[in-house]
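Everything below concerns the one structure shown next.
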Amino acid sequence: KLRGDLIVGLGNLGEDPDLVARCKLLVEELLDGTSLDPEITTAALAVYARHGDAAVYETLWDAYEGAATPLEQVRYLRSVASVEEPELAVGTLDKVINGDIRTQDGFWVFARLLGGDAGPEVWKSARSRWDAVLEAMPGLTRRRVVEGLPALSQPEVAQDVQAFFAEHPIPEATRALSQKLELLQVNLQMRERETPVVTDYFKPRT
């Protein structure tokens, strides 16, 4: 588990080029049928997806559709939802809405999309067709449609989220929505408080 966390940290936070290249090779081995340690597999896919373009996206989507087991399906779908290109991320939301992604997976895929770098673009697309988003998540899953909202802590985005739900309540998720909007406010305050501190810490010193 620690090894996997280190791989993701070095690849996705540290942007280490050698590690990113190694993860690409590992994923290629995985897709060719090589059996890898589960934690290494998950970490390599996370780095591979994070640095992915349209070709990577299609590779992961094909792997999802061709997965032999439910575990493999979830693993590849999680990777699909981690590709950071805004256009591709919005395309994944399209797949949630049009049913290419199963109803029982739609809510967590949506949350994962909101939590990525493309989150603001995904939110902008989702709010413009909110009724369709809700229709894709019926029943009990509708209560979980709000799970990704706390990640949208960019000031202008957070303000838009708060204003949107003031006019678009979700009766099935009243309590959950209130909790997530409260957490969004906490995250916003932390971002505003700590961004100058972190920026100053990493400022080049003479």
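The values are calculated or read from the model by the stated rules, or taken from the named source; none is laboratory data. For clarity, every value in this text was computed on a predicted model and none was experimentally measured. Counting neighbours? That spans all protein chains shown, and the Cβs are built from the backbone with ideal geometry, glycine included. Protein only, heavy atoms only, side chains kept; ligands, DNA and RNA dropped before computing areas. Shrake-Rupley method; radii C 1.70, N 1.55, O 1.52, S 1.80 Å.
Annotations for the structure displayed:
- Filtered residues of the stretch 24-42 (kept if in contact with a Leu (Cβ under 8 Å, 6 or more places away or on another chain) and closer than 24 Å to A89 by Cβ): L26, V27, L30, T41
- Filter result for E58 (at pLDDT 95 or above and open to solvent by 80 Å² or more (accessible area, probe 1.4 Å)): yes
- Total residues in the stretch 118-149, condition assigned to a helix (DSSP H, G or I) and either open to solvent by less than 10 Å² (accessible area, probe 1.4 Å) or touching a residue at least 60 places away in the same chain (Cβ under 8 Å) (or both): 6
- Condition met for R102 (surrounded by fewer than 20 Cβ atoms within 10 Å (Cβ to Cβ), of a type in the set (K, R) and within 23 Å of L152 (Cα to Cα)): no
- Filtered residues of the stretch 150-182 (kept if among the aliphatic types (A, V, I, L, M) and either assigned to a helix (DSSP H, G or I) or closer than 17 Å to R112 by Cβ (or both)): A151, L152, V157, A158, V161, A163, A166, A173, A176, L177, L181
- Of the helices (runs of 4 or more DSSP H) that lie entirely inside the stretch 1-113, those containing 3 or more residues that are within 30 Å of D131 (Cα to Cα) span 54-65, 70-80, 86-98.
- Listed by first and then second residue, the pairs linking a residue in the stretch 178-195 that is farther than 20 Å from R144 by Cβ to a residue that is of a type in the set (D, E, K, R), with Cβ atoms under 7 Å apart and 6 or more places separating them unless they lie on different chains, form an empty list.
- Applying the condition of being acidic (D, E), within 19 Å of the chain's Cα centre (by Cα) and within 22 Å of L71 (Cβ to Cβ) to the stretch 1-50 and asking which residue is modelled with the highest pLDDT yields D5.
- Among the residues of the stretch 14-28, those identified as of a type in the set (A, V, I, L, M, F, W, C) and surrounded by fewer than 16 Cβ atoms within 10 Å (Cβ to Cβ) are A21, L25.
- Residue, surrounded by the most Cβ atoms within 10 Å (Cβ to Cβ), within the stretch 61-99, restricted to residues that are aromatic (F, W, Y) and under 22 Å from E39 (Cβ atoms): Y76
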